[in-house]
Every structure is written in C-alpha cells, then in structure tokens.
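Comments concern the structure below.
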Amino acid sequence: DAGVIQSPRHEVTEMGQEVTLRCKPISGHDYLFWYRQTMMRGLELLIYFNNNVPIDDSGMPEDRFSAKMPNASFSTLKIQPSEPRDSAVYFCASRSRLGTGGYEQYFGPGTRLTVT
Amino acid sequence: SQKIEQNSEALNIQEGKTATLTCNYTNYSPAYLQWYRQDPGRGPVFLLLIRENEKEKRKERLKVTFDTTLKQSLFHITASQPADSATYLCALVISTDKLIFGTGTRLQVFP
C-alpha cells in the first residue's frame with residue numbers, strides 16, 4: 001500500500017484566495033482525520049470522519065474552513081477565503097477500527113500551506 | 001485547562017546513552033497513550049502504545065512507562081544512535097476515535 005497520499009505537497013497562495021487540500025486514505029481504513037501543525041500550537045485535530053460521515057468538527061477554527069469526504073478514498077479540506085494565519089502544515093491521517101485496537105493513526109506527508 | 005506538556009527544549013545526548021523524554025498531562029483520563037516519531041518534512045509515525053493498566057511497554061530499544069497517578073509517561077531510547085534524532089510526540093487517546101497530541105520534544109543524538 002502506498003500509505004496516505006496528500007496533494008499538493010506545497011501550496012503558496014495570496015490572502016483571499018480559495019485553497020483546496022486533498023487526501024487519499026489507506027485502502028480499507030474507515031477513519032480519516034485532518035490535522036494542522038504549527039510551531040506555536042503543535043498538532044491540532046481539525047475534523048474527523050468515520051465511514052465518510054463527519055463525526056467531530058469542533059477543531060475547525062472558523063466557517064472559512066470546510067471538509068468533505070464524498071467517498072471512502074477521497075477527502076478535501078477547503079479554506080475560503082484564506083488568511084496569512086492559516087499558514088501551517090496540514091496533515092491527513094487514517095485509521096482502521098480493526099487490528100490491535102490501539103487506535104494508531106497513519107499520517108500522510110502533509111501539505112505545507114503559505115498564505116501571503 | 002487541559003494540557004499535555006513535553007520538554008519544550010531540545011534534548012541533546014551522546015550516541016550510546018539513554019534518552020529519556022517526558023510527557024505530562026492534566027485534566028485527562030486517557031485509556032491509552034501513544035508515542036510517535038516525526039522527522040523534518042514528514043508526518044508522524046506511530047511507535048508504541050501503552051494502556052492505562054500497563055506500567056511498562058518495550059519494543060526493541062524503546063521503553064515506555066505510564067503512571068496514571070502522576071499523569072506522566074516516560075519514553076526511553078537505550079543505546080541511542082544518530083538515526084534516532086527526530087521529534088517525538090506523545091498522544092493521549094481520550095476516546096476511541098480522538099488523539100490529543102503534545103507539542104513534541106526534539107531529540108538530537110551526537111556521534
């Protein structure tokens with residue numbers, strides 16, 4: 001398996017523009033998580049899905065952020081309009097409810113977003 | 001407030017020594033605690049999990065302890081190597097679905 005795939009790896013955009021980040025989870029995993037990582041705040045959970053259904057979006061900072069999971073193999077995180085304070089590395093992670101029961105998550109390589 | 005604290009300062013040790021990293025938390029009662037490794041430019045990678053009823057867990061050169069009374073986990077790397085240099089994150093499993101991560105400790109192992 002290729003692991004969790006994220007695109008793009010880097011995104012530079014101007015304030016006010018719409019940004020869409022993409023994620024393909026590991027095949028067979030039924031949980032998908034979106035995180036944001038900054039030096040100041042560390043790794044923060046934004047939203048997670050189970051079987052394509054959003055379960056908890058309490059970490060989404062503002063209405064400017066939205067996430068969708070139209071099917072089991074694809075999810076998007078959209079920021080509209082983007083602001084400089086959204087600059088961060090955004091990670092997608094997936095997990096299976098089966099296995100050891102240890103709830104370990106598998107992370108993608110991240111998307112480094114810079115908003116100027 | 002709810003907090004997970006890890007050494008904010010980088011930990012620098014000599015090759016061959018044991019590295020000990022600390023994770024302290026308040027106002028949580030996790031059933032599990034996990035440790036992840038993160039290299040620059042990459043996502044975190046799962047290393048170990050320890051359950052609340054386990055005092056200690058080992059995997060090769062790694063050892064994790066979990067003291068629910070002190071609300072603390074210690075992560076040890078014995079016979080450390082330069083390849084162990086990375087940032088190490090602890091994560092509390094606060095429900096069957098959610099992880100809360102600490103801010104991480106950067107470990108640098110010098111030859």
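The values are calculated or read from the model by the stated rules, or taken from the named source; none is laboratory data. As the structure is a prediction and not an experimental result, all values here were calculated from the model. When we count neighbours, we look across all protein chains shown, and the Cβ atoms used for this are built from the backbone with ideal geometry, even at glycine.
In the range A:39-54, which residues are part of a strand (DSSP E or B) and either surrounded by 19 or more Cβ atoms within 10 Å (Cβ to Cβ) or more than 14 Å from the chain's Cα centre (by Cα) (or both)? A:Gly42, A:Leu43, A:Leu45, A:Leu46, A:Ile47, A:Tyr48, A:Phe49, A:Val53, listed by residue number. Considering the range B:22-66, the residues that are surrounded by 11 or more Cβ atoms within 10 Å (Cβ to Cβ) and hydroxyl-bearing (Ser, Thr, Tyr) include one that is farthest from B:Glu9 (Cα to Cα), namely B:Tyr32.
The residues of the range A:75-88 that are crowded, with 20+ Cβ neighbours inside 10 Å, small (Gly, Ala, Ser) and out of contact with any Lys or Arg (no Cβ under 7 Å at 6 or more places or on another chain) amount to a single one, A:Ser82.
Inspect all residues belonging to the range A:92-107 and state whether any of them is away from chain B (no Cβ under 12 Å), free of Cβ contacts under 8 Å to residues at least 60 places away in the same chain and under 22 Å from A:Glu14 (Cβ atoms). Within the range A:92-107, none of the residues are away from chain B (no Cβ under 12 Å), free of Cβ contacts under 8 Å to residues at least 60 places away in the same chain and under 22 Å from A:Glu14 (Cβ atoms). Within the range A:56-74, if we keep just the residues that are within 11 Å of another protein chain (Cβ to nearest Cβ) and surrounded by 15 or more Cβ atoms within 10 Å (Cβ to Cβ), the residue that is farthest from A:Arg85 (Cα to Cα) turns out to be A:Asp56. Residues in the range A:20-30 that are in a strand (DSSP E or B) and surrounded by fewer than 21 Cβ atoms within 10 Å (Cβ to Cβ): A:Thr20, A:Arg22, A:Lys24.
Just one of (1) crowded, with 16+ Cβ neighbours inside 10 Å; (2) in contact with a Lys or Arg (Cβ under 7 Å, 6 or more places away or on another chain); (3) among the hydroxyl-bearing types (Ser, Thr, Tyr) fails for A:Ser96. It is (2).
Evaluation of B:Pro30 against the conditions (1) modelled with pLDDT under 95; (2) more than 30 Å from A:Ile5 (Cα to Cα) shows that the sole unmet condition is (2).
At least 3 residues being within 14 Å of another protein chain (Cβ to nearest Cβ) is the threshold, and among the strands (runs of 3 or more DSSP E) wholly inside the range B:26-111 those reaching it are B:32-38, B:45-51, B:86-93, B:99-101.
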